[in-house]
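The structure under discussion appears below in the form of structure tokens.
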Amino acid sequence: MRYKKGLFYIENVSAKILAKKFGTPSYVYSYDKIKNNINNFKKNFKTINPLICFSVKSNSNLKILNLINKFGLGADVVSKGELIRALKAKIKPEKIVFSGVGKTIDEIKFAVSKKILLINTESENEIIEIEKIAKKNKKKINIGIRLNPDIDAKTLKKISTGKKEDKFGLTEKKFLELLKKYKSSKFINIICLSVHIGSQITSHIPYKNMLNVVKKIIQQSKYNFKYIDLGGGMGIQYGNSLNNLNYSKYNKLIKSFLKKNKSKIIFEPGRSIVGNAGYLISKITYIKQTSSKNFVILDSAMNDLLRPALYGAMHRIIPSKLSRTRVLKKHEFVGPICETTDKFLTVSDYQKLNQGDIIIICDVGAYGMVLSSNYNLRPKPVEILINKTSTKIITKRQKLNNII
Ligand code: LLP
């Protein structure tokens, strides 16, 4: 924790000052953390030299994407909007992959016109549409085919994507059938096998199982994929959990996979790049004491940060100012929204808090602001980027007038 003289700092600015200057709730991102996360990610996979395509869905702020580009990453996009944003951030089209089960014809045409690296297809009907577009344009279009390896990612059920009952990708059988059918198409160039089994994965074992299925498919098909896109999913430490993905083991598994398969690896990390770089600074509106617990009612809510309500996700909540006095009573941190699930965290005890105090919800850089809404007609928070002592507003707080 970065406390100095009892005050919590993000880079060189205290949360207390940030709250005073920008109001609450505020999303704040650390430049340094994003930079370090990218450098560490690169270092962890240095020996396989992958193409790293940042998963824009995790944080699509233009200024954050500018950093992603500055530090040399490409992008994994899932909509025309994300593609336009990524291009606006100057990410090169040849470093962009387009994923998703339901790309519309308009989205596919747009992606083709921008000459992105490849489109990761997820159904035969999608391939048929791409072939039609290619014929019309007299072009050969680069695609990947997404495999559903039927692997349990051992993560939250709601963010698993690689089991056969999930809507994503194609079964081994269908994958091989489509490969055979389209590999000599005049209009389609199958250059990639893609796979993504889920998010917030903290063990290398599901990845090992996934790679085994990929190996098997390649052996059976005898096809040479220029790229193997292994998706993202690398977990980070939330709450008090100390589970952490062992990157060195994952890297070793891929290295041994590459001995037989001479493909270029693509990754699509989101959370591992920006997750721990974001903070949601909030103010305590009221503390409601009941016989069994204290409700700490914040000015941020599930419309600002949906993960706890949607997935039961746990985010650490820390005070902006440390106190030695403990209150040995259950504390439930909640938002003001008229929904019982509008709660962030319950803890058995906490330091003494007061109305008006500033607290910080941690690790909200991924799937935080992007999942925010105007539910209860609440304006969306401001987003701030901090680099040492410099603070920059990168998205203005929504004005109530503009949403009424
Ligand atoms: N590639 C594909 C095809 C994906 O579907 C995803 C995430 C990623 C890459 C990036 O995964 P990451 O490295 O960030 O784990 N809203 C949820 C997470 C949903 C993830 C969706 N797909 C959450 O808040 O935990």
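The values are calculated or read from the model by the stated rules, or taken from the named source; none is laboratory data. From a predicted model like this one, the values you see are computed outputs, not experimental measurements. All Cβ positions, glycine included, derive from the backbone under ideal geometry; neighbour counts span all protein chains shown. Quick note on the areas: whole protein, heavy atoms, side chains included, nothing else; ligands and nucleic acids left out. Shrake-Rupley method; radii C 1.70, N 1.55, O 1.52, S 1.80 Å.
Before moving on, here are some points about what is shown:
- Filter result for the condition that a residue is outside the structural domain of G233 (by TED's automatic domain parsing), more than 16 Å from the ligand (Cβ to nearest atom) and touching a Phe, Trp or Tyr at 6+ places or on another chain (Cβ under 6 Å), over S348, S390, S320: S320
- Taking the criterion of being within 26 Å of I236 (Cβ to Cβ), open to solvent by 40 Å² or more (accessible area, probe 1.4 Å) and either more than 27 Å from the chain's Cα centre (by Cα) or of a type in the set (F, W, Y) (or both), the only residue of region 284-320 that qualifies is Y311.
- In region 75-106, residue surrounded by the most Cβ atoms within 10 Å (Cβ to Cβ) [restricted to those that are away from the ligand (no atom under 16 Å from the Cβ) and not in a helix (DSSP H, G or I)]: A89
- Only listed residue being more than 19 Å from N120 (Cβ to Cβ), open to solvent by 60 Å² or more (accessible area, probe 1.4 Å), outside any loop (DSSP other than H, G, I, E, B) and touching a residue at least 24 places away in the same chain (Cβ under 8 Å), chosen from K158, K154: K158
- Members of region 336-356 that are open to solvent by 20 Å² or more (accessible area, probe 1.4 Å) and in a loop (DSSP other than H, G, I, E, B): P336, C338, E339, T340, T341, S348, D349, K352, N354, Q355, G356
- Checked against (1) open to solvent by 10 Å² or more (accessible area, probe 1.4 Å); (2) away from the ligand (no atom under 16 Å from the Cβ), I190 passes all but condition (1).
- Among the criteria (1) polar (S, T, N, Q); (2) at pLDDT 95 or above; (3) outside the structural domain of I384 (by TED's automatic domain parsing), the one N261 does not fulfil is (2).
- Filter result for I393 (part of a strand (DSSP E or B) and open to solvent by less than 50 Å² (accessible area, probe 1.4 Å)): no
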